[in-house]
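Accompanying notes for the structure given below.
The values are calculated or read from the model by the stated rules, or taken from the named source; none is laboratory data. Bear in mind the structure is a predicted one, so any value in this text is a computation, not a measurement. Heads up, the Cβs are rebuilt from the backbone with ideal geometry, glycines too, and the neighbour counts pull from every protein chain shown. Just so you know, the surface numbers come from the protein's heavy atoms only, side chains and all, with ligands and any DNA or RNA stripped out. Shrake-Rupley method; radii C 1.70, N 1.55, O 1.52, S 1.80 Å.
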Amino acid sequence: MGISRMVWSLLLLVLMQSGALCARRFRGGRNPQPRRAPPSPPYRADRGDTTESFPLDFTAVEENMDNFMTQVKNLAQSLYPCSAQKLDYDMKLNFLENTSVTCNDGSPAGYYLKESRGSRRWLIFLEGGWYCFNKENCDSRYETMRRLMSSSKWAQTKTGTGILSPLPEENPHWWNANMVFIPYCSSDVWSGATAKTEQSGYAFMGSLIIQEVVKDLLNKGLDNAKVLLLAGSSAGGTGVLLNVDHVAELLEGLGHTGIQVRGLSDSGWFLDNKQYHCTDCVDTVSCAPTETIKRGIKYWGGVVPERCRQAHQGEEWNCFFGYRVFPSIKSPVFVVQWLFDEAQLTVDNIQLTGQPVQEGQWRYIQNLGIELRNTLKDVPAMFAPACLAHEVITRNYWIDVQVKGTSLPRALHCWDRSLHDNRNNKAPPKGCPVHLIDSCPWPHCNPTCPTIRDQFTGQEMNVIQFLMHMGFDVQRMAQQQGMDPSKLLGMLSSGS
């Protein structure tokens, strides 16, 4: 074609900006929670004061101008009715064609889909939500959290947020992908492959649900995909680690060898560490992580990656813990993990509400951060802020958190570029880091961490207020570090 790539880049940039303005006009107040003001601009270059940019991504239409023209045409057409009607950004509910694959209670499993015609990138997201591991606590879960075990009351549409958002200002790199949200209704960390029986009372088919969704999507455009990103948070993040290779093998077995399958695991990198206080194994919160999974994998008929199963024969429960399963995974995986994960602390019997923590608890929390850093050091692509939180990629503040001056969307964009360059034997891009982990030792020592609120008053707390609330002794800690207390407070305030 005689028209240069730069001209088309400018055209697409103008359309993107127009689309963002149009979207804001109709979607104002879409997020129920107000965005907090970031302590610093969310997108900064890694060097100097240059504003960070997100170059237009041509991977979806690379070397195929017809597809590129289709994408521009569709985007232009979508802007035409902008002034007359609300744009449709929601994902629509679809039930699986294979009705034998179900939720816990036998109701049909399904997924939410928003197609993006012209894009060859697909994002499939696995929802999280803990699990149950025997008849008693599954019965209790069914009474109190039925949405996570049944599709009977699922809404017909769902609005994507964070990395599932179709708005470029909220989702700079993946906004134009085909979006798929798979609700969690199997209570098995996405590992089960067992139909409902009289003994269990429930079906556990999480792994099969993922496979059936992928098969259904092949008839909706996935067969023409270039990249499939399997993402998930919490139990869904662990589900990514357990299933990303299964998805790659499924597509390859069906003849779709050109689809690049990748994983994005958010807050699913749990440790099989010793609890702060050992308690009886009654439910998912009180039970030690290893004991929960040992019981659960038998009850669910859980399936783990074959290479990990061979490495841990007879002790397949090991494969539910990130640092143990990761070496056996063949597909590229990006790991996002808070260094002080609230769910990890919960199962470790560290309670951060009510009375200030004791010195032994404080040491345990610091050691948790050290242990997590050690398990992540050999993960090539990761983002690990020193924050006390759980889940991030679907939160409205996901673009604000930074590690060493780099935001999470930026790090994911760098990862995409590095994978693309590796396939084309190019040198990795400079100034585009993908291995990002905080080095400061305390929870929320990173000033871009999400806002913490006092659970009793609802008031926001800064880092020092939070640490004091937890029983942090400035004088003692300064003495241990061999520094003046005022200097330590200054470091905490700045996030040093």
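Which members of region 99-154 meet the condition of being in contact (Cβ under 8 Å) with a residue 60 or more places away in the chain, outside any strand (DSSP E or B) and basic (Lys, Arg)?
ARG117, ARG120, LYS135
Only one of (1) under 18 Å from TYR142 (Cα atoms); (2) in contact with a strand residue (DSSP E or B) (Cβ under 9 Å, 6 or more places away or on another chain) fails for LEU230. Which number is that?
Result: LEU230 fails condition (1) only.
How many residues does region 194-225 hold that are closer than 22 Å to THR238 by Cβ, small (Gly, Ala, Ser) and assigned to a loop (DSSP other than H, G, I, E, B)?
Matching residues across region 194-225 total 2.
Taking the condition of being over 22 Å from MET205 (Cα atoms), surrounded by 22 or more Cβ atoms within 10 Å (Cβ to Cβ) and not aliphatic (A, V, I, L, M), how many residues in region 314-347 meet it?
Selection size over region 314-347: 6.
What are the residues in region 295-313 that are open to solvent by 70 Å² or more (accessible area, probe 1.4 Å) and either free of Cβ contacts under 8 Å to residues at least 40 places away in the same chain or within 23 Å of VAL379 (Cα to Cα) (or both), if any?
Within region 295-313, LYS298, GLU306, ARG307, ARG309, GLN310, ALA311, GLN313 qualify.
Against the conditions (1) of a type in the set (S, T, N, Q); (2) open to solvent by less than 20 Å² (accessible area, probe 1.4 Å); (3) closer than 27 Å to TYR299 by Cα, where does SER116 fall short? Just the number, please.
Result: SER116 fails condition (3) only.
Could you say whether any residue in region 163-172 is within 23 Å of VAL227 (Cβ to Cβ), of a type in the set (A, V, I, L, M, F, W, C) and surrounded by fewer than 24 Cβ atoms within 10 Å (Cβ to Cβ)?
The answer is yes, given that some residue of region 163-172 is within 23 Å of VAL227 (Cβ to Cβ), of a type in the set (A, V, I, L, M, F, W, C) and surrounded by fewer than 24 Cβ atoms within 10 Å (Cβ to Cβ).
Looking only at region 263-281, count every residue that is surrounded by 15 or more Cβ atoms within 10 Å (Cβ to Cβ), modelled with pLDDT under 75 and among the hydrophobic types (A, V, I, L, M, F, W, C) and tell me the total.
Summing the residues that are surrounded by 15 or more Cβ atoms within 10 Å (Cβ to Cβ), modelled with pLDDT under 75 and among the hydrophobic types (A, V, I, L, M, F, W, C) in region 263-281 gives 1.
Which of the residues spanning region 415-432 are part of a loop (DSSP other than H, G, I, E, B) and in contact with a strand residue (DSSP E or B) (Cβ under 9 Å, 6 or more places away or on another chain)?
Hit for region 415-432 is CYS432, nothing else.
Within region 204-234, how many residues turn out to be polar (S, T, N, Q), open to solvent by 20 Å² or more (accessible area, probe 1.4 Å) and touching a residue at least 12 places away in the same chain (Cβ under 8 Å)?
Final tally of qualifying residues: 2.
Given (1) at pLDDT below 85; (2) open to solvent by 10 Å² or more (accessible area, probe 1.4 Å), where does ILE370 come up short, assuming only one miss?
All conditions are met except number (1).
Being among the β-branched types (Val, Ile, Thr), at pLDDT below 90 and not in a helix (DSSP H, G or I) is true for just one of THR284, THR257. Which residue is that?
Criteria check complete, one pass: THR284.
Here are some residues: GLY192, GLY201. Which one is surrounded by 23 or more Cβ atoms within 10 Å (Cβ to Cβ) and not hydroxyl-bearing (Ser, Thr, Tyr)?
Just one listed residue meets the conditions, GLY192.
Can you tell me which residue within region 297-348, out of those that are of a type in the set (Val, Ile, Thr) and under 21 Å from GLN275 (Cβ atoms), is modelled with the lowest pLDDT?
VAL347
Could you run through region 373-414 and say how many residues are over 24 Å from GLY431 (Cα atoms), open to solvent by 10 Å² or more (accessible area, probe 1.4 Å) and not in a loop (DSSP other than H, G, I, E, B)?
Count: 3.
So, in region 84-104, exactly how many residues are at pLDDT 95 or above, open to solvent by 30 Å² or more (accessible area, probe 1.4 Å) and in contact with a helix residue (DSSP H, G or I) (Cβ under 8 Å, 6 or more places away or on another chain)?
Count: 3.
Looking only at region 175-189, filter to residues that are open to solvent by less than 10 Å² (accessible area, probe 1.4 Å) and among the hydrophobic types (A, V, I, L, M, F, W, C); which one of those is farthest from ASN104 (Cα to Cα)?
In this case the residue turns out to be ALA177.
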